[in-house]
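Asks: Just dropping this structure here.
The values are calculated or read from the model by the stated rules, or taken from the named source; none is laboratory data. As the structure is a prediction and not an experimental result, all values here were calculated from the model. Cβ sites come from the backbone with ideal geometry, for glycine too, and all protein chains shown count toward neighbours. We work out accessible area using only protein heavy atoms, side chains counted, and drop any ligands, DNA or RNA first. Shrake-Rupley method; radii C 1.70, N 1.55, O 1.52, S 1.80 Å.
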Amino acid sequence: MCGIVGYVGGREAANVIISGLHRLEYRGYDSAGLAVIHPDGVLDVFKCKGKVDDLERFLQGKNAGGTIGIGHTRWATHGEPSDANAHPHLSRSGDLALIHNGIIENYRVLRDALRTQGFTFRSSTDSEVLVNLIEYVRDEHRCSLEEAVREALSQVVGAYAIAVIERGDTSRIIAARKSSPMAIGVGDGEYFLSSDAASIIGFTQDFVYLNDGEIAVIERGKPLHIMTLDGAESPVAIQKLRLSISQLEKGGFDHFMLKEIHEQPETLEDCIRGRVIPGTREVILSGVLDNKERFLAARRIIFVACGTSWHASLIGEHLIESMCRIPVEVEYASEFRYRDPVIYPDDIVIAVSQSGETADTLAAVGMARKAGAFVYGICNVVGSSIPRATHSGTYIHVGPEIGVASTKAFTGQVTVMAMMALLIGRLKGTIDEGYYHRVAQAILELPATIREALKTAPEVASLARMFTYAHNFIYLGRGYNYPTALEGALKLKEISYIHAEGLPAAEMKHGPIALIDAEMPTVAIATPDSTYEKTLSNIEEIKARGGKIIAVVCKGDDLVRRSADYCIEVPSTVECLMPVVSIVPLQFLSYYIATYKGRNVDQPRNLAKSVTVE
Ligand code: F6R
């Protein structure tokens, strides 16, 4: 969470930093700030509570000139959002300014030790402790800033991506990372620094990704110098990031979320391209094919993920169990990593993450690797930490997802899982050719199917207006669509702040049906599948108790229509891909309810896009 940016070169640093911070605001938006070193060596900090726009207003009429600087947008962990807790933090003497993403777990011990040395603190953050620790080490050891950073970090327990600048030094930034992302953009005589390479793609496409435990000395006009915390030299590997600026803009939509819902036909085309071959309908996933023996010998597959990615994994469980006959478990990464789970060397652990940076999922990957399992990633952000920590994987390739509520990543994840299940099932001989070709064809047709499903927008928008009053919602689904119900409920909760619960429809009788009355709307996903008749009965039971029902059905359905108050028709596809289609009107429903309630859809309260803290 928190976004960090840095610049050293020939441009006005503040301009580069503000532009980067705007693109990083999805990572945190409760306060923002920047520090620059003026050409005469004076170090100045500008920061305030609020968004990057507030910081821009704050800077008006002030001198933030200089060609070296660092900036930060915050998602509070230690200390409430306030001017004092905003980054950058200055050291006691004002010599050093630091920005930090992550959590210093032993900051209390370090702070108490520094207090005995006469240090005082202006904020309640762990980050201010770190900048003072660096200064203390620098002064005690009379060493260079990079040596002081290295020594100070050896005393730190926790996660960090940091950047530090020093008064009087107009050419160097020292950066370091452990468990929080950091990319260095390489330009012509200039360097950029960011938590997310995409945020500075307008300036360069060449990036060096810092690895865990590495420190970089970034100096204007000099080659990058990267070393480990132990002082060993690290190679500098430049990678090209192919992204266009238009992928990072709203493209005429009011919100990124709406744009991302609407671009799903195209993002799924990108996800499928070259992986399901039109004509032959061959599925080619190099991550699976290169590790065929591993997949064929797998005793079990364990998905580890959080939030929306966890919901997609529940669909992955259905797909793999039914097509590959491999037992599957789906774990919240945060529970898995602390539970001392049984992991066998012939298990395959699949980490699913849009950002590729979720701290718990990354930690679960580390644990699975240690236990000897083969670890596979299904991620979106190219070059992020999880794909770099796994043995192999498949990118979903849906492009940058900027809206905090995940939409196109979910449909991309499920599509990749369907391709994997088809391929493994065929390799194992657990599905017949007819089924294989039917599903492969349906995957090829998914972009067109979603294009059709997007036409539900106006109808869902008017339904949303009718239900904006509700304080609670129930979402029901069965089989493949139970995870869709969970995902629909999560979408509503996170952006409209309406309480919503996703349930397997048959569980209603075991308690939740007591909640049903005229004030409790139920969204039922009732597309024709192996549990269709049963879902129909569950709808009847709600109806009989006076509940209002909005049903998602397939075109031409007239059975559900007899019981439901409102029906949203989506096109049909094979049962195992139905969640990719039926989630679309639920994405719209949450979006429109939230906008009618006046919520900030792209930046909902208390949330940040990448959860890089535990
Ligand atoms: C929900 C949402 C979150 C993320 C979760 C995992 O809309 O965005 O629940 O799905 O934080 O994030 P990733 O997939 O980046 O690991």
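Asks: Can you check what the net charge comes to around GLY274, using other residues whose Cβ is under 14 Å from the Cβ of GLY274 (Lys, Arg +1; Asp, Glu -1)? Walk me through the intermediate numbers first.
Replies: On the way: positive: ARG273, ARG275, ARG281; negative: GLU269, ASP270, GLU282.
Overall, the nearby charge balance is 0.
Asks: Return the long-range amide H neighbours of GLY502 (sequence gap of 5 or more, or a different chain), with a cut-off of under 5 Å between placed amide H atoms.
Replies: Amide H neighbours of GLY502, under 5 Å, 5+ apart: TYR475.
Asks: Further, regarding this structure: Using Cα centres only, tell me the gap between region 449-475 and region 537-554 in whole Å.
Replies: Here the two parts' Cα centres lie 16 Å apart.
Asks: Per-residue counts of other Cβ atoms within 10 Å, averaged by peptide: what ranking do you get for 208-220, 455-467, 228-240, highest first?
Replies: Working: 208-220: 19.6, 455-467: 16.3, 228-240: 11.4.
Packing proxy ranking, top to bottom: 208-220, 455-467, 228-240.
Asks: Hey, another quick one. Mean separation of Cα pairs under 8 Å and 6+ residues apart, divided by the residue count of the chain: what relative contact order is that in percent?
Replies: Working: 1436 pairs, mean separation 70.3, N = 614.
So the answer I get is 11 percent.
Asks: Shifting gears a bit: Evaluate the charge dipole of region 3-246 about its Cα centre and quote only its size in Debye, nearest 20, assuming +1 on the Cβ of each Lys and Arg and -1 on the Cβ of each Asp and Glu.
Replies: Details: 25 positive and 32 negative charges, 75 e Å.
The calculated dipole for region 3-246 is roughly 360 debye.
Asks: Would you mind getting the accessible area per residue of the chain, heavy atoms of the protein chains only, 1.4 Å probe, in Å²?
Replies: Values: 22140 Å² over 614 residues.
Per residue, the chain has an accessible area of 36 Å².
Asks: Another one. Rounded, prolate or oblate, given the Cα gyration tensor of region 521-605, with a/c below 1.5 counting as rounded? Before the final figure, lay out the partial values.
Replies: Details: a/c = 2.50, a/b = 1.42, b/c = 1.75.
In terms of gyration-tensor shape, oblate.
Asks: Which loop-located GluC sites (Glu not before Pro) does region 102-155 contain, where loop means any DSSP state but H, G, I, E or B and the Cβ has at most 14 other Cβ atoms within 10 Å? The partial results should precede the final answer.
Replies: On the way: sites: GLU105, GLU128, GLU135, GLU140, GLU146, GLU147, GLU151; in loops: GLU105.
For GluC sites (Glu not before Pro) across region 102-155 that sit outside H, G, I, E and B with at most 14 neighbouring Cβ atoms in 10 Å, the list reads GLU105.
Asks: What are the ³J(HN,Hα) values, in whole Hz, obtained from phi via the Karplus relation 6.51 cos²θ - 1.76 cosθ + 1.60 with θ = phi - 60°, for each residue of region 399-406 in sequence order, with x given for Gly and Pro?
Replies: x, x, 9, 9, x, 5, 7, 6
Asks: Through the Karplus equation 6.51 cos²θ - 1.76 cosθ + 1.60, θ set to phi - 60°, convert the phi angles of region 504-520 into ³J(HN,Hα) values in whole Hz; use x for Gly and Pro.
Replies: x, 3, 6, 6, 3, 5, 8, x, x, 4, 4, 6, 6, 7, 5, 8, 10
Asks: Heavy atoms only, probe 1.4 angstrom, no DNA, RNA or ligands counted: give me ASP290, ASP139, ASP196 ranked by accessible area, highest first. Working shown, then result.
Replies: Numbers: ASP290 120, ASP139 75, ASP196 30 Å².
Ranked list, largest accessible area first: ASP290, ASP139, ASP196.
Asks: If one takes the longest principal axis of the Cα atoms in the chain, at what angle in degrees, from 0 to 90 and to the nearest 10, does the Cα axis of helix 359-370 lie?
Replies: The two axes meet at around 90 degrees.
Asks: Further, regarding this structure: So how far, in whole Å, is the C-alpha centre of region 518-533 from the one of region 155-211?
Replies: Going from one Cα centre to the other spans 49 Å.
Asks: Quick check on packing: order 552-563, 485-496 by the mean number of other C-beta atoms within 10 Å, highest mean leading. Spell out each step's value before the answer.
Replies: Working: 552-563: 16.9, 485-496: 25.7.
Highest-to-lowest ranking by the protection proxy: 485-496, 552-563.
Asks: Let me ask something additional. With θ set to phi - 60°, apply the Karplus curve 6.51 cos²θ - 1.76 cosθ + 1.60 along region 230-236 and write out the HN-Hα couplings as whole Hz, x wherever there is a Gly or Pro.
Replies: Each residue of region 230-236 in turn: 7, x, 7, 5, 10, x, 9 Hz.
Asks: Explain nothing, just the number: relative contact order of region 3-246, from Cα pairs under 8 Å at least 6 residues apart, as a whole percent.
Replies: 19 percent
Asks: How many Lys pairs in region 438-578 lie less than 15 angstrom apart by Cα atoms, where the lysines are 8 or more positions apart or on different chains?
Replies: Numbers: LYS455/LYS555; LYS509/LYS534; LYS509/LYS543; LYS534/LYS543.
Close lysine pairs found across region 438-578: 4.
Asks: Considering amide H positions built from the backbone, and no H for Pro or chain starts, which residues 5 or more places from VAL330, or on another chain, come under 5 Å of its amide H?
Replies: Placed amide hydrogens put PHE303 under 5 Å from VAL330.
Asks: Of all accessible surface on region 260-408 at a 1.4 Å probe, what whole percent is carbon and sulfur? Please list the in-between numbers first.
Replies: Working: 2650 of 5200 Å².
Summing carbon and sulfur atoms, their accessible area is 51 percent of the total for region 260-408.
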